[in-house]
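S.K.: Pasting a structure below so you can have a look.
The values are calculated or read from the model by the stated rules, or taken from the named source; none is laboratory data. From a predicted model like this one, the values you see are computed outputs, not experimental measurements. With ideal geometry, Cβ positions are generated from the backbone for all residues, glycine too; neighbour counts draw on all protein chains shown. Ligands, DNA and RNA are stripped out before the accessible areas are found, and what is left, the full protein with its side chains, is counted by its heavy atoms. Shrake-Rupley method; radii C 1.70, N 1.55, O 1.52, S 1.80 Å.
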Amino acid sequence: MRHTLFTLMFILLMVPQALAQDTQTPTTETDKPKNAVDQMIEDAAKRGEPIISTCITEDCGKDAAKIEGLEIGRPLRLPKPTYPMIARRAGAEGEVEVKVIIGEDGTVIAAASISGHPLLQAASVSAARDTLFSPTVLNGKAVKVVGVIKYVFVQ
């Protein structure tokens with residue numbers, strides 16, 4: 001009897017909490033945690049530090065925005081990511097996009113995957129962090145740049 005009473009009290013206490021959790025509003029884009037790149041961009045904006053957003057790879061074509069006085073740094077070292085064995089066995093393939101911030105000296109100072117198969121993202125971010133660019137220059141002064149590096153995995 002005591003066990004049944006305890007179980008009944010437990011159910012009566014837990015049901016309202018479970019119902020309340022089901023009726024919560026869904027999370028929005030702004031509720032998602034920021035990745036390292038987005039956080040650095042936000043922090044730089046608060047400090048008034050400019051970070052140029054532009055195409056950083058050669059596949060930009062004529063759609064790339066032109067900024068007067070901007071000389072975009074070129075990739076000096078663009079390593080290919082290693083294909084993770086677990087991803088290969090799972091048949092994971094496709095394009096992974098990695099958002100990066102490139103420092104004034106051309107080194108990648110932050111990288112975060114923004115799309116692609118989850119099993120391929122870590123390898124892509126690791127390769128992006130090892131990438132090296134020549135400095136991007138705006139009106140004769142080296143600047144930080146944010147852009148996207150795309151990696152394609154095919155079996």
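S.K.: If we only count strands (runs of 3 or more DSSP E) wholly inside the stretch 88-140, which ones have 2 or more residues that are closer than 22 Å to VAL154 by Cβ, in contact with a helix residue (DSSP H, G or I) (Cβ under 9 Å, 6 or more places away or on another chain) and open to solvent by 10 Å² or more (accessible area, probe 1.4 Å)?
M.R.: 94-102, 108-115
S.K.: How about the stretch 66-87: which of its residues are part of a loop (DSSP other than H, G, I, E, B) and either aromatic (Phe, Trp, Tyr) or in contact (Cβ under 8 Å) with a residue 40 or more places away in the chain (or both)?
M.R.: If the condition is that a residue be part of a loop (DSSP other than H, G, I, E, B) and either aromatic (Phe, Trp, Tyr) or in contact (Cβ under 8 Å) with a residue 40 or more places away in the chain (or both), then ILE67, GLY69, ILE72, GLY73, ARG74, LEU78, PRO79, LYS80, PRO81, THR82, TYR83 are the ones that fit.
S.K.: Please go through (1) open to solvent by 80 Å² or more (accessible area, probe 1.4 Å); (2) free of Cβ contacts under 8 Å to residues at least 60 places away in the same chain; (3) assigned to a strand (DSSP E or B) for LYS150 and return the number of the only condition it doesn't satisfy.
M.R.: (2)
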